[in-house]
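So the structure is just underneath, and the comments pick up after that.
The values are calculated or read from the model by the stated rules, or taken from the named source; none is laboratory data. Quick caveat, the model's predicted, so the values are computed rather than measured. With ideal geometry, Cβ positions are generated from the backbone for all residues, glycine too; neighbour counts draw on all protein chains shown. Please note that ligands, DNA and RNA were not included when accessible areas were found on the heavy atoms of the full protein model with its side chains. Shrake-Rupley method; radii C 1.70, N 1.55, O 1.52, S 1.80 Å.
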Amino acid sequence: MWILLAVCSALGLGFYDVFKKLSVKGNNVLLVLMLNTLFGTILMSPVIVGCVAAGHWGLGDTLAGHFRILLKAFIVLGSWLLGYFAIKHLPLTIQGPVNASRPVLVLVGALVVFGERLNALQWAGILLGFASLFLISRIGAAEGFSLRGSRWLWMAVGATMLGAVSALYDKYLLGMYRPLEVQAWYSLYQCAIMSAVILLMRRFAPHAAGAASKFSWRWSIPCISLFLTAADIAYFYSLSQPGAMISVVSMIRRGSVLVSFCYGVVVLRESHVRAKAADLLVLLLSLGLLVAGSGV
């Protein structure tokens with residue numbers, strides 16, 4: 001069951017990336033992100049209302065529980081900020097594969113943080129995953145997005161690293177709290193944090209690039225929240241299932257790159273398709289070895 005939920009989450013994430021690209025292109029990234037957190041909070045608000053109506057504040061009714069979720073909100077929001085700017089300026093066929101390398105980092109994190117031992121197939125998958133990152137950096141350099149000179153590519157890498165940290169933290173949180181509670185409260189905290197960031201930037205740094213860009217409403221913006229919320233619900237429930245493995249769930253979710261990659265090729269007609277497709281095959285082989293090595 002948890003595998004099926006992870007696949008559903010991957011499909012949702014694929015469309016989430018496409019709608020992000022449509023929403024931030026030539027638009028104010030910070031306001032798009034703030035609206036995303038607002039719509040996400042609205043979608044999850046029945047959970048919070050239900051908690052309050054029942055006479056408690058959820059997450060064990062302790063400050064410690066809410067501080068843990070607040071920390072998650074900061075981690076995810078940091079990943080989103082970097083990721084939104086990256087997807088605005090990078091081709092989907094570059095940003096997608098970089099983001100899809102997250103399971104490699106998750107497995108490395110599980111090795112370092114939780115002391116997990118890797119078998120030969122998993123080590124091979126990790127090495128291929130890093131080879132894929134090297135290849136996509138070479139392809140990016142041909143399009144003017146090298147790791148040496150492109151802050152957008154570094155932002156994509158940073159977003160991926162923070163996303164891996166968040167994935168490892170999720171497994172810890174879901175051992176203590178209900179999936180919907182985690183999602184609802186961190187959505188609320190994200191919205192509050194992002195609103196404060198925008199207010200502070202407008203007050204003290206009104207001419208900063210992120211604050212000064214013009215904003216235009218697009219119907220793709222609420223679609224970001226809709227598909228992300230659906231993907232996250234499937235993800236959290238997948239992780240909460242007995243026997244669920246965060247490394248495998250993370251790998252399956254990165255299959256979302258197939259949706260965004262196809263959109264970048266077919267609709268946006270991005271360049272260097274053959275080289276990027278070869279890199280994507282290396283990445284998919286990496287993920288396949290990680291899944292096989294995990295015994296699933």
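Can you spot the lysines whose alpha carbon is less than 23 Å from Lys171's alpha carbon? Ignore those fewer than 8 places along the same chain.
Qualifying lysines at Cα under 23 Å: Lys72.
How big is the accessible area of Arg202 in square angstrom, nearest 10, if you roll a 1.4 angstrom probe over the protein chains?
Accessible surface of Arg202 is approximately 130 Å².
Which peptide among 23-35, 45-57 comes first, and what is the full order, when sorted by highest mean count of other Cβ atoms within 10 Å?
Peptide ranking by packing, descending: 23-35, 45-57.
What is the gain in length, in nm to one decimal, between Asp61 and Ala278 on full extension, counting 0.36 nm per residue of separation less the C-alpha to C-alpha distance?
73.1 nm
Using R₀ = 45 Å, calculate the FRET efficiency as 1/(1 + (r/R₀)^6) where r is the Cβ-Cβ separation of Val112 and Val49; round to 0.05.
Computed FRET efficiency for Val112 and Val49 comes out at 0.70.
Once the whole set of protein chains is in place, how much accessible area is left on Tyr169, using a 1.4 Å probe, in Å² to the nearest 10?
40
Quick check: with the 1.4 Å probe, what order do Tyr237, Tyr189 take by accessible area, largest first?
Tyr237, Tyr189
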